[in-house]
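Student: Questions regarding the structure given below will be posed in turn.
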Amino acid sequence: MSSTSPLPASRRERLRGFCKARFSKLVDAWFAVQLAHYGGKYSIERMLALEEYSRDTSLTRVLLVTVGSPLLVFAVVLLQESIPLQDPAAGWKANYGFWFRVGIVGIAVGIATTVHLRLWIGIHKISTLCTIFYCIATGIGYISSGIAAATVWVFPIPFYMFTLGGVTSLIILAYIRIVMGSRAFWEIFHQHELLRRMKQISILQAFLYVVYPFYQVLFTKTNHTNYELPVIMLLPAFRLVIKKVFAMAASHKEDMIPVHAVFTVDFFDALYLATFMQSLSMSTLVAIVIVDIMQNAVELQELHQRTLRIIARTQRVVGPTTNTAYNGNLLEAVRSLCSSSGILQSQIRAGISVRSCIEHQVSPESNSLLTILENARQTGSIAKLFDHLPSINRVPSQSASIHERRSN
């Protein structure tokens, strides 16, 4: 009977190093595609705005904003659902409750569109009167176009909001023309790259409205069969692909990529996953919960470790200060680096995003600092701070930014 001789120490070390390197590459690749946690980037302006907000805003106000924002959405949904519906077989004339609901949805769409116009196209000066007029016009437009379609076609109208999406586009064009004037309106039409990207983002959002119902049909067919778990696993893979496509389409608005990915792709994913949960088999449900808990635990641990490493590296670069410990606050550490103009100016490169694509309210001191940094671009690299961190700290983009990790 022969015995297996143990591996030499040098061979064991090489094997251990090989396995460790492969595992690190796998982990780096996984975190690199997590847009909401690691792929997002902050411009210096947005980082300063967040630091000031976290320093000057009371905990009570933060809680009110955090809780109050979704409560407003819930109130709109409850208002809509409180309107009774009539029998669809009675025709569109007898279904007054349905048209009231459509009007409420149209007004909500108008409010959301106004926010998107400010962020994506850069229309900042929109008066309250114009916003109210636009929201009312959107609600009336959805109702009138729906009644016209029901008269000449069928009622209920299949995929109502998606089918009548052209109405929203016409109202948006008219609204932009009224708010911006003729000259600015046609200047936007000559910005071909901006319009191309906006078209890609709109198509992607419309695609989500179509593909998820089809996925629900597929899941219904495979429910409580051997194909149930593989079909469920398609959902995170699809979510990952859509996020990467969206990140490429919205690369010119990098500050908005993580937030918008959460409130579009992740929202649809969570909504439909919640509807599937009720009919999942116990084994599939347990597998999903275990995977989700493990993923969240690893991500939280990784966020904590990266934060500590960035703070330590920033302290070494800036040197002894009056607040050298930063109290474990990443925002304070990076702000200290930005305030050390001599150090930062010697490291900054042309690709750094100083100003944000989103309008922020910052203090005069921060605004002066941003102006100095804009004028101080020269050869160098602020990324030297993070050169020794693994590649998951950076996702390739058209411009580099201060890398801030955000947990949801």
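Student: Sort out which residues of the range 161-195 are surrounded by fewer than 18 Cβ atoms within 10 Å (Cβ to Cβ) and within 18 Å of Gly106 (Cβ to Cβ), and write them in order of number.
Tutor: Met161, Phe162, Thr163, Gly165, Gly166, Ser169, Leu170, Leu173, Ala174, Ile178
Student: Let me ask something else about it. Tell me, yes or no, whether the range 9-17 has at least one residue that is at pLDDT below 65 and touching a helix residue (DSSP H, G or I) at 6+ places or on another chain (Cβ under 6 Å). Quick ask: steps written out before the conclusion?
Tutor: First, the residues of the range 9-17 that are at pLDDT below 65: 9.
Adding the requirement that they be touching a helix residue (DSSP H, G or I) at 6+ places or on another chain (Cβ under 6 Å) leaves none.
Checked against the condition, which is being at pLDDT below 65 and touching a helix residue (DSSP H, G or I) at 6+ places or on another chain (Cβ under 6 Å), the range 9-17 yields no hits at all.
Student: Does the range 71-80 contain at least one residue that is modelled with pLDDT of 80 or more, over 27 Å from Ala261 (Cα atoms) and surrounded by fewer than 17 Cβ atoms within 10 Å (Cβ to Cβ)?
Tutor: Taking every residue of the range 71-80 in turn, at least one turns out to be modelled with pLDDT of 80 or more, over 27 Å from Ala261 (Cα atoms) and surrounded by fewer than 17 Cβ atoms within 10 Å (Cβ to Cβ).
Student: Thr275 - would you say it is touching an Asp or Glu at 6+ places or on another chain (Cβ under 7 Å) and over 20 Å from Met198 (Cβ atoms)?
Tutor: no
Student: What are the pairs with Cβ atoms under 7 angstrom where one residue, in the range 275-289, is on the phi > 0 side of the Ramachandran plot and the other, located anywhere, is among the polar types (S, T, N, Q)? Sequence gap at least six, or different chains.
Tutor: Correct list of pairs: empty, since none qualify.
Student: Please state which one of Ile176, Ile201 is among the β-branched types (Val, Ile, Thr), over 19 Å from Gly146 (Cβ atoms), in a helix (DSSP H, G or I) and out of contact with any Leu (no Cβ under 9 Å at 6 or more places or on another chain).
Tutor: Ile201
Student: Continuing with this model, one more query. Among the residues that make up the range 119-126, is at least one of them surrounded by 12 or more Cβ atoms within 10 Å (Cβ to Cβ), of a type in the set (Phe, Trp, Tyr) and free of Cβ contacts under 8 Å to residues at least 12 places away in the same chain?
Tutor: Within the range 119-126, none of the residues are surrounded by 12 or more Cβ atoms within 10 Å (Cβ to Cβ), of a type in the set (Phe, Trp, Tyr) and free of Cβ contacts under 8 Å to residues at least 12 places away in the same chain.
Student: Considering the range 42-60 alone, what residues qualify as being surrounded by 12 or more Cβ atoms within 10 Å (Cβ to Cβ) and farther than 22 Å from Ser368 by Cα?
Tutor: none
Student: If you don't mind, there's one more thing I want to ask. List the helices (runs of 4 or more DSSP H) inside the range 222-315, counting only whole elements, that have at least 3 residues being over 25 Å from Pro70 (Cβ atoms).
Tutor: In the range 222-315, 228-249 are the helices (runs of 4 or more DSSP H) which contain 3 or more residues that are over 25 Å from Pro70 (Cβ atoms).
Student: Something else: For the range 238-249, does any single residue satisfy the condition of being surrounded by fewer than 17 Cβ atoms within 10 Å (Cβ to Cβ), among the aliphatic types (A, V, I, L, M) and under 25 Å from Ile290 (Cβ atoms)?
Tutor: Yes.
Student: Does Ala270 satisfy the criteria of being more than 19 Å from Gln205 (Cβ to Cβ), of a type in the set (Gly, Ala, Ser) and out of contact with any helix residue (DSSP H, G or I) (no Cβ under 8 Å at 6 or more places or on another chain)?
Tutor: No: the conditions fail for Ala270.
The values are calculated or read from the model by the stated rules, or taken from the named source; none is laboratory data. This is a predicted model, so every value here is computed, not measured. Heads up, the Cβs are rebuilt from the backbone with ideal geometry, glycines too, and the neighbour counts pull from every protein chain shown.
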